[in-house]
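Reading through the structure tokens given below for one structure.
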Amino acid sequence: MLSDLLWLYGAKRQYDIQKEAGLAGLIGVVATLFIIMQWDNLFFPFFNTIGLVELVNEAGLVDKTFRETFLNIAFTALFFIFSLGVLMAAPMLILMLIFSVVGKDSSKPNPFLFALGLFFLPVMFIIYVFYKLLQFIGIVKADPMSVEKYTKENSEMRNVLTQSVGKNLDSELLQLLTIQEQQKGISTSYKVLTQEEAVITINRAIPSLKENDEFLFAYDEKYKSWYLLFPNPIPVFASEALLDSKPEVTPFNFEKLSKAQLAFSTGSIQATKPLFYTPALPISITFDATNKKISMSLVANHNGFVACLDKLTKLVKVNGSIANQIYEDAIKNVGINELITKAHSYAYVIPLAYPEEVQMFNDPSCTFSYYKALQEVPNTSKYCELYKADVFKTVGNKAAAGHLWAKNLLEHSNNNVKVEKSLETLSRNVRF
């Protein structure tokens, strides 16, 4: 009977112990979930206010991925605990040694031992406070603010660091700028496009630069540069004509480009996908360490160039005030205006150098022609009339430069009648 009572008592004790441990574990789980859910709202701002975030950043513990950051902090915490233990053990041994000699027969605390303990135990804390005080006074300069540090201190920007693993953070500056504007309450959107989506966005005709409302940006990893891209209505396979590559074997080297496209469209093994070329203007996205601000501006004294879309690393579509502002500055650039006019003019001039294109377009058995490709480019028929004067000027310039096709087109015509008739044919052909 007594043994049964002892067993029941032992079982009750075990139940109480496990119940307490389970409750503590449950509280720990709930506390962990609460910290995770409220990290950005409560805990991170608190740690940032007391300077802990800055201390962790200065120590280099925050890395590009959560796993690396966690390991850095975990090992640092273990090292800190070990160091603290050593730091506390050393004075304790010294105290024990001194106590064995000085305070052996003393029944009261020895002031010397107390002062010695106060000196050794908080030494790390005193050194840290002293260092921060020197920083505040200005004797010791703090590490300069960098875009990496600025990003780590911003809860919404930290995810960008994870995305940029193995890449130059410069390629993420436009996204960081977008987040910065959104945090100010400014409506801004940022969307990374595939190459195909980017071509659809800018391979189109526009009535003028002022009436363009889609803004495409690109990053070039090779040159660590950002560009603002502009529409080009020339069909993709013939867009290389905008480069005016030399030597010009045939007008605009169109025959070479046409044969390459035909080989690619028929699935030839040796054929490669045609590259798309479009007008571009370099822009600069920089970080102001003093004001903790990312800004975007045009590269000074640059008149634009023809960029190969396929060789660019990242293609991004941005809408909002930051895109509108940089675009308004860009369209004042004389060089980019000339490139846009040239692109639209070439879109209509190229087939004028090849009269057989009309027959190829009207031949039902012919599956490929420039006019058919031009039909696929949005707005080319709609805005054809707007660029008629530019077409006349381009043909005249080509004739003055000695191009035979342009001379033949203008011969016996002082008022561009032949070009006018060709343009009417073109306009009729490209109309949907």
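Looking at the range 374-396, can you tell me whether even one residue there is touching a residue at least 12 places away in the same chain (Cβ under 8 Å), in contact with a strand residue (DSSP E or B) (Cβ under 7 Å, 6 or more places away or on another chain) and under 20 Å from residue 237 (Cβ atoms)? No, there is no match, as no residue in the range 374-396 is touching a residue at least 12 places away in the same chain (Cβ under 8 Å), in contact with a strand residue (DSSP E or B) (Cβ under 7 Å, 6 or more places away or on another chain) and under 20 Å from residue 237 (Cβ atoms). Six or more apart or on different chains, Cβ atoms under 9 Å: show the pairs whose first residue is in the range 170-191 and touching a residue at least 60 places away in the same chain (Cβ under 8 Å) and over 15 Å from residue 152 (Cβ atoms) and whose second is of a type in the set (Asp, Glu) and part of a helix (DSSP H, G or I). Close Cβ pairs satisfying both conditions: 187/181; 188/181; 191/197. So which residues in the range 235-257 are open to solvent by 20 Å² or more (accessible area, probe 1.4 Å), part of a helix (DSSP H, G or I), over 17 Å from residue 394 (Cβ atoms) and modelled with pLDDT under 95, if there are any at all? Listed by number, the residues that qualify are 255, 256. From the list 293, 273, the lone residue that is among the basic types (Lys, Arg), over 13 Å from residue 240 (Cβ atoms) and at pLDDT below 95 is 293. Restricting the search to the range 204-221, which residues are charged (D, E, K, R) and closer than 19 Å to residue 193 by Cα? The answer is 204, 213, 214, 220, 221. In the range 334-368, of all residues being closer than 25 Å to residue 396 by Cα and not in a helix (DSSP H, G or I), the one that is most open to solvent (accessible area, probe 1.4 Å) corresponds to 355.
Yes/no matrix, rows are residues, columns are (1) surrounded by 14 or more Cβ atoms within 10 Å (Cβ to Cβ); (2) aliphatic (A, V, I, L, M); (3) in a loop (DSSP other than H, G, I, E, B); (4) in contact (Cβ under 8 Å) with a residue 24 or more places away in the chain:
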residue: 263; (1), (2), (3), (4): yes, yes, no, no
residue: 267; (1), (2), (3), (4): no, no, yes, no
residue: 271; (1), (2), (3), (4): yes, yes, yes, no
residue: 279; (1), (2), (3), (4): yes, no, no, yes
residue: 287; (1), (2), (3), (4): yes, no, no, yes
residue: 296; (1), (2), (3), (4): yes, yes, no, yes
residue: 300; (1), (2), (3), (4): no, yes, yes, no
residue: 306; (1), (2), (3), (4): yes, yes, no, yes
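Exactly one residue out of 187, 171 is of a type in the set (Gly, Ala, Ser), modelled with pLDDT of 80 or more and open to solvent by 70 Å² or more (accessible area, probe 1.4 Å), and it is 187. Considering only residues that are among the β-branched types (Val, Ile, Thr) and touching a Gly at 6+ places or on another chain (Cβ under 7 Å), look in the range 177-232 and name the one that is nearest to residue 276 (Cα to Cα). Selected residue: 188.
Taking residue 252 as the residue in question, decide whether it is on the phi > 0 side of the Ramachandran plot and not aliphatic (A, V, I, L, M). Criteria met by residue 252.
Entry remark, the range 332-351: residues being within 23 Å of residue 374 (Cα to Cα) and without any contact (Cβ under 8 Å) to a residue 40 or more places away in the chain number 1 in total.
The residues on offer are 343, 307, 389, 280, and the sole one that is under 17 Å from residue 208 (Cβ atoms) and at pLDDT 95 or above is 343. The criterion of being charged (D, E, K, R), touching a residue at least 60 places away in the same chain (Cβ under 8 Å) and part of a helix (DSSP H, G or I) does not hold for residue 329. The set of residues in the range 193-226 that are closer than 22 Å to residue 169 by Cβ, open to solvent by 80 Å² or more (accessible area, probe 1.4 Å) and of a type outside the set (D, E, K, R) contains only 223. Flag not set for residue 317, criterion: surrounded by fewer than 21 Cβ atoms within 10 Å (Cβ to Cβ) and assigned to a helix (DSSP H, G or I).
Scanning the range 401-422 for residues that are open to solvent by 70 Å² or more (accessible area, probe 1.4 Å), over 45 Å from the mean Cα position of the chain (by Cα) and at pLDDT 90 or above yields one hit, 404.
The values are calculated or read from the model by the stated rules, or taken from the named source; none is laboratory data. These figures come from a predicted structure and were not determined experimentally. Quick reminder, even Gly has a Cβ in these numbers, built from the backbone with ideal geometry, and neighbours come from all protein chains shown. To get the accessible areas, we keep the full protein, side chains included, count just its heavy atoms, and leave off ligands, DNA and RNA. Shrake-Rupley method; radii C 1.70, N 1.55, O 1.52, S 1.80 Å.
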